[in-house]
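The values are calculated or read from the model by the stated rules, or taken from the named source; none is laboratory data. It should be emphasised that the depicted structure is a prediction, and the values quoted were computed from it without experimental measurement. Quick reminder, even Gly has a Cβ in these numbers, built from the backbone with ideal geometry, and neighbours come from all protein chains shown. Each accessible area value is taken on the protein alone, full model and side chains, heavy atoms only, with ligands, DNA and RNA left out. Shrake-Rupley method; radii C 1.70, N 1.55, O 1.52, S 1.80 Å.
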There are 2 protein chains.
Amino acid sequence: LGATIALDAMGGDLGPQVVVSAAVQVLEERPDLKLILVGAEDLLAQEMGRYGRRVQDRLQLRHASQKVEMGDLPSTALRNKKDSSMRVAINLVKEEAANACVSAGNTGALMAMARFVLKTLPGIDRPAIISTLPAITGHTHMLDLGANSDCTPEQLFQFAVMGSVLVRAVHNIEKPRVALLNIGEEEIKGTGRVKEAGRLLSNSDLHYIGFVEGDDIYRGAADVVVCDGFVGNVALKSSEGVALFITHYMRQEFQRSIWTRLAGLAAMPVLRALRSKLDPRGYNGASFLGVRGIVIKSHGSADAVAFANAIRVADLEVQKRVPERISDHLASLLAERRAV
Amino acid sequence: LGATIALDAMGGDLGPQVVVSAAVQVLEERPDLKLILVGAEDLLAQEMGRYGRRVQDRLQLRHASQKVEMGDLPSTALRNKKDSSMRVAINLVKEEAANACVSAGNTGALMAMARFVLKTLPGIDRPAIISTLPAITGHTHMLDLGANSDCTPEQLFQFAVMGSVLVRAVHNIEKPRVALLNIGEEEIKGTGRVKEAGRLLSNSDLHYIGFVEGDDIYRGAADVVVCDGFVGNVALKSSEGVALFITHYMRQEFQRSIWTRLAGLAAMPVLRALRSKLDPRGYNGASFLGVRGIVIKSHGSADAVAFANAIRVADLEVQKRVPERISDHLASLLAERRAV
């Protein structure tokens with residue numbers, strides 16, 4: 001049976017046309033998928049009018065009178081935006097009218113609403129954000145990317161369990177290599193919390209391979225890299241910054257003279273391949289792991305290509321029953337602990 | 001009057017020949033500089049024998065019977081390696097036989113020895129490591145890069161003061177823009193410590209511009225970016241990882257066919273410019289700020305080009321009297337606080 005996915009059509013910087021266009025695109029690819037657009041009914045009906053009837057029977061419309069703004073505080077959004085497109089999309093998951101939801105809106109508000117409405121899984125203190133990054137060999141999946149600034153060793157351990165289950169289920173890696181992000185082997189380095197999390201992981205059934213450093217993320221040294229949300233977010237943003245710096249610099253250099261312009265033309269296929277390899281749109285769609293339901297965060301500035309990718313991530317997690325699998329793994333873990 | 005700089009000739013992965021070659025190179029550039037090579041006398045004498053007498057009267061030799069290994073714990077090195085090249089080089093600074101020292105050895109041991117022998121400046125709890133990074137506009141100076149895993153708001157504030165004084169003194173920026181590294185503006189984000197450090201900085205005489213995120217490092221949004229050593233080290237290493245990933249990927253793509261190989265040849269000048277722009281050797285030489293003396297850490301894998309750069313950094317800090325300036329700034333700060 002195909003999935004039904006609720007889309008927050010009002011989130012994101014580029015407005016509902018991006019969400020509607022992405023929805024139509026993915027519906028055309030997946031004949032058994034259903035999507036629910038949540039937002040201002042008149043606006044959405046108008047957008048939908050631009051597309052043929054072909055996919056429209058699988059594209060439902062659900063009115064929501066409010067919109068969470070990027071500047072809204074999570075607590076305020078939670079209290080005052082109960083009929084926002086974001087909240088209604090999450091409610092649909094809670095009511096089992098949808099199997100998952102996708103939003104490009106305010107991350108903090110989305111996390112607060114997801115936790116409040118869906119609740120966390122048993123054995124999970126706090127949800128975490130995971131995303132996929134390119135690596136020299138394969139891909140790396142990193143969490144937490146910004147939901148939790150400070151984490152206890154036990155929370156880092158829980159992140160590792162969730163990340164490992166996700167990568168196994170969705171990316172078909174039998175025994176994902178799990179590593180903790182640290183800053184070296186020396187005594188002066190590494191916080192006590194990371195070391196303690198390392199002890200917890202060493203005694204677990206995960207394939208824990210020890211500490212890795214920042215550069216190992218892009219080497220593909222581990223399948224799952226675990227860190228607190230502050231560190232993960234800084235690592236991710238710094239990486240984006242370097243990539244931006246490099247592409248900016250190359251563009252500038254290739255425009256320096258007629259000769260470098262010609263060289264740039266000759267090198268175009270390679271530069272294009274690089275750009276597409278680094279294109280964050282191809283990696284768009286971060287999962288909120290640890291809540292009772294599937295919530296996917298799209299980048300705020302996502303275009304239709306990127307938003308469509310986030311819908312695909314949601315669909316895949318529905319097919320692979322990610323929350324149930326995490327739940328099962330945690331249940332056996334909790335049973336084991338009780339037995340000890 | 002020219003500076004005298006002590007070099008730990010045994011630190012680093014590539015051995016004393018790199019240090020001696022770098023020393024000779026810098027001595028040839030700076031006619032009033034003196035250098036002291038610290039390490040195994042016979043080995044160093046042999047290395048020096050390979051160079052002409054021209055610079056040798058400004059290149060002294062100081063024997064040290066031990067060597068700090070990369071795997072040594074800082075505490076062990078501090079206790080058991082009192083006649084190591086690293087320790088003797090720092091001692092020379094303490095005894096005022098040298099104005100600064102440079103080492104490519106074990107960072108943790110170097111920091112431990114620098115703190116123990118030289119002591120911290122009044123008003124400074126812990127020294128921090130600062131280095132220069134390339135940015136789209138100008139350069140960014142970031143600290144701490146790994147000396148302190150967890151920092152109090154007061155310590156982050158002290159880092160900001162030290163970074164600002166250094167950048168003003170050495171890089172001739174009258175009012176360096178100081179920013180705190182954070183992960184966004186939302187309620188869910190940002191630790192209490194960073195926010196509290198922000199309050200301290202807002203009430204200071206520094207040109208504090210607020211929070212920046214990881215990508216801003218490479219935009220040149222601030223002259224001084226302040227964070228704890230865990231976050232700073234991860235940001236730095238992640239950035240190196242991305243740069244490595246990109247160069248690796250481009251090399252691979254340019255070798256895909258005869259056409260891409262030709263394109264690669266045409267693009268060579270641009271790729272070479274990029275490589276030199278990203279070359280960590282050009283940025284080699286991180287300063288330990290906050291100790292009573294100038295201690296420069298070279299990358300462990302530094303070659304002669306890179307190590308020479310670290311020596312130049314040391315020389316510049318001697319000329320600009322960096323520790324004295326930090327000390328002066330802190331003294332007026334402490335006097336102000338006492339007055340309140």
Query raised in the report: Only one of A:253, A:324 is acidic (Asp, Glu), assigned to a helix (DSSP H, G or I) and in contact with a Ser or Thr (Cβ under 9 Å, 6 or more places away or on another chain); which?
Result: A:253
Report task. Exactly one condition in (1) at the interface with chain A (Cβ under 7 Å from one of its Cβ atoms); (2) open to solvent by 10 Å² or more (accessible area, probe 1.4 Å) is not met by residue B:221; state its number. Result -> (1)
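It is to be established whether one or more residues within the range A:68-79 are away from chain B (no Cβ under 14 Å) and among the basic types (Lys, Arg).
Checked against the condition, which is being away from chain B (no Cβ under 14 Å) and among the basic types (Lys, Arg), the range A:68-79 yields no hits at all.
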Query raised in the report: Can you name the condition, by its number, that residue A:330 falls short on among (1) under 20 Å from residue B:249 (Cα atoms); (2) aliphatic (A, V, I, L, M); (3) surrounded by fewer than 24 Cβ atoms within 10 Å (Cβ to Cβ)?
Result: (1)
Report summary line: Filter the range B:224-254 for residues that are under 24 Å from residue B:268 (Cα atoms) and more than 7 Å from chain A (Cβ to nearest Cβ); the one that is most open to solvent (accessible area, probe 1.4 Å) is B:251
Query raised in the report: Being within 12 Å of chain B (Cβ to nearest Cβ) and either closer than 30 Å to residue B:252 by Cα or touching a residue at least 60 places away in the same chain (Cβ under 8 Å) (or both), is that true of even one residue in the range A:195-211?
Result: yes
Query raised in the report: Which one is nearest to the other protein chains (Cβ to nearest Cβ), of the residues in the range B:104-150 that are farther than 28 Å from residue B:279 by Cα and acidic (Asp, Glu)?
Result: B:150
Query - Hits in the range A:131-158 (condition: more than 19 Å from residue B:246 (Cα to Cα), touching a Phe, Trp or Tyr at 6+ places or on another chain (Cβ under 8 Å) and not in a loop (DSSP other than H, G, I, E, B)) - result: A:131, A:143
Query raised in the report: Any idea which of B:224, B:194 is modelled with pLDDT of 95 or more, in contact with a Pro (Cβ under 9 Å, 6 or more places away or on another chain) and under 18 Å from residue B:151 (Cβ atoms)?
Result: B:224
Query raised in the report: Before we move on, is residue A:216 open to solvent by 10 Å² or more (accessible area, probe 1.4 Å), of a type outside the set (Gly, Ala, Ser) and part of a helix (DSSP H, G or I)?
Result: yes
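For the range A:257-275, does any single residue satisfy the condition of being in a helix (DSSP H, G or I), within 26 Å of the chain's Cα centre (by Cα), at pLDDT below 85 and closer than 30 Å to residue A:128 by Cα? Spell out the reasoning first.
Here is the first cut: in the range A:257-275, the ones in a helix (DSSP H, G or I) are A:258-275.
Checking the rest, the ones that are also within 26 Å of the chain's Cα centre (by Cα) come to A:272-275.
Pick out the ones that are also at pLDDT below 85 and you get A:272-275.
In the following step, the residues that additionally are closer than 30 Å to residue A:128 by Cα were identified as A:274-275.
Within the range A:257-275, one or more residues are in a helix (DSSP H, G or I), within 26 Å of the chain's Cα centre (by Cα), at pLDDT below 85 and closer than 30 Å to residue A:128 by Cα.
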Report summary line: Of the candidates A:29, A:69, the one satisfying the condition of being under 18 Å from residue A:305 (Cβ atoms), at pLDDT below 95, open to solvent by 20 Å² or more (accessible area, probe 1.4 Å) and out of contact with any Cys (no Cβ under 7 Å at 6 or more places or on another chain) is A:29
Report task. Could you please find all residues in the range A:88-106 being polar (S, T, N, Q) and either open to solvent by 30 Å² or more (accessible area, probe 1.4 Å) or in contact with a Leu (Cβ under 7 Å, 6 or more places away or on another chain) (or both)? Result -> A:91, A:99, A:103
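With respect to residue B:80, is the statement that it is of a type in the set (S, T, N, Q), on the phi < 0 side of the Ramachandran plot, open to solvent by 60 Å² or more (accessible area, probe 1.4 Å) and out of contact with any His (no Cβ under 7 Å at 6 or more places or on another chain) true? Give the steps one after another, and end with the answer.
Numbers: of a type in the set (S, T, N, Q): yes; on the phi < 0 side of the Ramachandran plot: yes; open to solvent by 60 Å² or more (accessible area, probe 1.4 Å): yes; out of contact with any His (no Cβ under 7 Å at 6 or more places or on another chain): yes.
Taking the combined requirement at face value, the residue satisfies it.
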Query - Yes/no for residue B:287 being closer than 24 Å to residue A:220 by Cα and away from chain A (no Cβ under 11 Å) - result: no
Requested in this report: Report yes if some residue within the range B:162-173 is more than 25 Å from residue B:298 (Cα to Cα), part of a loop (DSSP other than H, G, I, E, B), of a type outside the set (A, V, I, L, M, F, W, C) and open to solvent by 30 Å² or more (accessible area, probe 1.4 Å); otherwise report no.
Outcome: no
Query raised in the report: Which of the residues belonging to the range B:267-299 are open to solvent by less than 10 Å² (accessible area, probe 1.4 Å) and farther than 29 Å from residue B:10 by Cα?
Result: B:267, B:270, B:274
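Within the range B:304-324, can one find any residue that is among the charged types (D, E, K, R), at pLDDT below 90 and open to solvent by 30 Å² or more (accessible area, probe 1.4 Å)?
Among the residues of the range B:304-324, not one is among the charged types (D, E, K, R), at pLDDT below 90 and open to solvent by 30 Å² or more (accessible area, probe 1.4 Å), which makes the answer no.
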